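**Student:** One structure, pasted below without further comment.
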Amino acid sequence: MAGQGFVAAEAAGARDYGSRVTFSVVVTCLMAASCGLIFGYDSGVSGGVTQMQSFLSDFFPDVLSGMKNTKRGVYCKYDNQGLTAFTSSLFIASALSSIVASHVTRRVGRQAIMLFGGAMFFAGAAINGGAVNIAMLVIGRMLLGFGIGFTFQSAPVYLSEIAPAKWRGAFATAFGVFVILGAIFATVTNYFTNDIPGWGWRVSLGLAGAPGTLLVVGAFFVSDTPSSLVLRGHPDQARAALLRIRGADVDVEAELKDIVRAVEQANRNDEGAFRRLFSRQYRQYLLVGVAIPVLYELTGVNVINIFMPVVFRTVGFSSKKAILGSVINFLVNLVATLLSGSIMDHTGRRILLIVGGFCVTICQVAISCIMAAHLGTEGATTMPRNYAMAVLVLMMVSTFCMGVSWGPLRWVVQSEIYPVEVRSAGQAMGVSIWLCLTFMELQVFIRMLCTMRYGVFLFHSGWFFVGTICVAAFLPETKGVPLERMRTVWAQHWYWRRFADVDDKQGRQVNPLCEMSSNAANPNM
């Protein structure tokens, strides 16, 4: 179960188990974060491939002929439902498999999930690389989606459970870093394969098996979390995992006992976790946990990043320059995400989300104004080069602000806000909602670009503004707070405290897991 977290010694009145960062912790977390390579590569490769002439001529000749039609506006060149189905089919498969993964992970552990996810991704890449019709493309994409759904459900929570509380933000950000690295690898591949006539797209899609292979090989060197091992009845292996994580010279028996207690209590609470998530006691976690992926996806940033080469082609760049622009964009995103990981545990989550949200809103409004002025309503004109460059720069600024704030923090906040007894259900729900919304957004984005023209950026900037206001009003600060003490943060919030118990409002931890640990540490109680 992804939700079995550690009951920290700080909450039990004993030692702080999680302050030491060992080499094993770093290696294990990096390997788990490399699951992000799967999603990153596929996001980067699909946007570039869908505007390659060789790919379009083999599967979507109508799009290619429409691009050469001078009477068709630039906004509508790529408006084809088959083309968007190729891109979006991955996400509906990911959404369905992520729900199943929350139950499978409990039985087989995270190592097996990573192996399975990597194998599915490798199979999907092989089918896509050898595709001869649209059906093979969609089947391959769906296999990729199954792999993504399984790895996405477990990897972020895995990172949050293994990492020390004071560095949890930095460790959890590693997942987002690997997503961007995968996207950079994909866009660089597209840049070079774009010049290969006839079959360049096969190289791009086939090389998607590389991160899948890396994940399968690396998973053999990553153990399950101690809580997952205890859950499946392997306390000795859990003890060995703790020694690797905390250091061979550390006494881990007290922490192991806390984990056993946490797992026992979580087992009792596991039945009906999804039903419990909808009760009044957990309403604050549910609402915020759902709002984060919904608001993030409505901002359109994820879809715009996937279709970035298409957007650059729309404003007048050539195919190769459009892909190069995407490479630059992802490099900016990487720098911003690394910066975010290094400062979020010092500045806090809320301030980064608020400042970044307002910055992206301003950039998207500016992009919309430039496109309105120089492409017109019908998009029948060619944008002057200097204004096209201005759009590129604004995209980079927007990407930087997003990379410092909402990009990585949506993973961090989602993985740390839930109590242990509903964490697995909450994570599965959040991932599934996000993937379903991504599927729908990908299905309609090209059509929205065709019908709304420049207004599509105004639409998304409006949601960015709404999301930023919601964060400022309703998201409590969670930096440096141990996962098992997160209830007290919500109990002190001006709005969510109405859903907390009386003892919680007074600052006392009412989580039964922590109560058990506290009683064990204070036998006179």
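The values are calculated or read from the model by the stated rules, or taken from the named source; none is laboratory data. Since the model is a prediction, treat every value here as computed from it, not as a measurement. Positions of Cβ are generated from backbone atoms using ideal geometry, with glycine treated the same way; all protein chains shown enter the neighbour counts. We work out accessible area using only protein heavy atoms, side chains counted, and drop any ligands, DNA or RNA first. Shrake-Rupley method; radii C 1.70, N 1.55, O 1.52, S 1.80 Å.
**Student:** Taking only the alpha carbons of the stretch 189-316, what extent do you get along each of the three principal axes, in Å, biggest first?
**Tutor:** So the extents along the principal axes, rounded to whole Å, are 62, 42, 25.
**Student:** Provide Rg and Dmax in Å for the stretch 168-238, with only Cα atoms included in the calculation.
**Tutor:** 18.1, 57
**Student:** Heads up, I need the accessible area for ILE180: 1.4 angstrom probe, whole protein in place, Å², nearest 10.
**Tutor:** Accessible area of ILE180: about 10 Å².
**Student:** In Å², what does the accessible area per residue of the stretch 335-427 work out to with a 1.4 Å probe? Don't skip to the answer; put the middle values down first.
**Tutor:** Values: 3110 Å² over 93 residues.
Computed with neighbouring chains in place, this is 33 Å² per residue.
**Student:** For labels at SER279 and GLN53 in the simple 7 Å Cα→Cβ model, what's the distance in nm?
**Tutor:** So the label points at SER279 and GLN53 sit 6.4 nm apart.
**Student:** Using a 1.4 Å probe on the protein chains only, how many percent of the accessible area of the stretch 332-444 belongs to carbon and sulfur?
**Tutor:** The nonpolar share, carbon plus sulfur, comes to 76 percent.
**Student:** Can I ask one more? Kindly rank 385-398, 459-472, 46-59 from highest to lowest mean number of other beta carbons found within 10 Å of each residue. Show your work: numbers first, answer last.
**Tutor:** On the way: 385-398: 17.8, 459-472: 19.4, 46-59: 22.4.
Listed from highest to lowest mean packing, they are 46-59, 459-472, 385-398.
**Student:** Kirkwood hydrodynamic radius, the stretch 87-129, all distinct C-alpha pairs: what's the number in Å?
**Tutor:** Averaging 1/r across every pair of different Cα atoms and inverting gives 11.3 Å.
**Student:** Continuing with this model, one more query. Listed highest first by mean packing, meaning other Cβ atoms within 10 Å per residue, what order do 325-335, 347-357 come in?
**Tutor:** Final packing ranking: 325-335, 347-357.
**Student:** Heavy atoms only, 1.4 Å probe, whole protein assembly: order TYR418, TYR454 by accessible area, highest first.
**Tutor:** Largest to smallest exposure gives the sequence TYR454, TYR418.
**Student:** Something else: What is the percent carbon and sulfur in the accessible area of the stretch 165-218, measuring with a 1.4 Å probe over the protein chains and ignoring ligands?
**Tutor:** 80 percent
**Student:** At 1.4 Å probe radius, can you tell me the per residue accessible area of the stretch 193-306 in Å²?
**Tutor:** Numbers: 4740 Å² over 114 residues.
Ligands and nucleic acids excluded, the result is 42 Å² per residue.
**Student:** Please arrange TRP494, TRP201, TRP167 by accessible surface area, largest first, computed with a 1.4 Å probe and ligands excluded. Working shown, then result.
**Tutor:** Numbers: TRP494 145, TRP201 0, TRP167 90 Å².
I get TRP494, TRP167, TRP201, largest accessible area first.
**Student:** In square angstrom, what is the accessible area per residue of the stretch 88-133 with a 1.4 angstrom probe?
**Tutor:** So the stretch 88-133 comes to 35 Å² accessible per residue, rounded to a whole number.
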